[in-house]
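Below: the structure, in structure tokens.
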């Protein structure tokens, strides 16, 4: 058997392996990537900046943001909504003006025809049979032409839909207002290390149980005090009396907000670790 016959490109069938290889090299099809730990944010990082929060705030759905970043995002959404709404109102007014102009032209044509009929003493005899040709009765002047600028068909503008006027959370897509943001604070770890808190790998602890907080530890925020505690503390201590152990205030079930944390890079953390980007389909 010659050497060329053993190559994968010498077969008469376009194999599945060759199709995947060509799709990957040419950029066709959906690209799937398994995310590692380096691609996942830490539990105390902002969902927008992906950096540790200086002024952490949380939404009612449990998404953590830096206060400056989320306020800038809300402001940008409001500016974008106002711009889209202005364009929509402008297009709506243009359509209304066009309809008014058409109605006005129809009325003028009716008046003109009325005076023409009244001024003439005879009526033109019209043929009972109408021609089906597209070149009769002046239709030849209405045909579009791509060679003559005067007869080139105009491109119709796309109709804009009324924009959504609600500011939404960038992560959950739920409506979000500034007053809904809850200020929280983490309890720094007291290990005698004088380095900056951002430079440490282990930064914060639960203020009740003193357990170290991390991506592998489920956490919750207490709305009444803004403290971040572990879910184990919530289940074993707080849910018994529903009293905030930090300030002693009465709590309700809605005051316990589970924090959307990062992941460890392992599949068992309950976080989707697959990213998919859709692309053009390659037809074979």
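Computed from the coordinates by the stated procedures, all read-outs in this text should not be read as laboratory data. Just so we're clear, the structure is a prediction, and the values are computed from it rather than from any experiment. So basically every Cβ, Gly included, is an ideal-geometry build from the backbone, and we count neighbours across all protein chains shown.
Counted by neighbouring Cβ atoms within 10 Å, the residues 169, 46 run from fewest to most as 169, 46. Counting neighbouring Cβ atoms within 10 Å and putting the fewest first, the residues 22, 66 line up as 22, 66.
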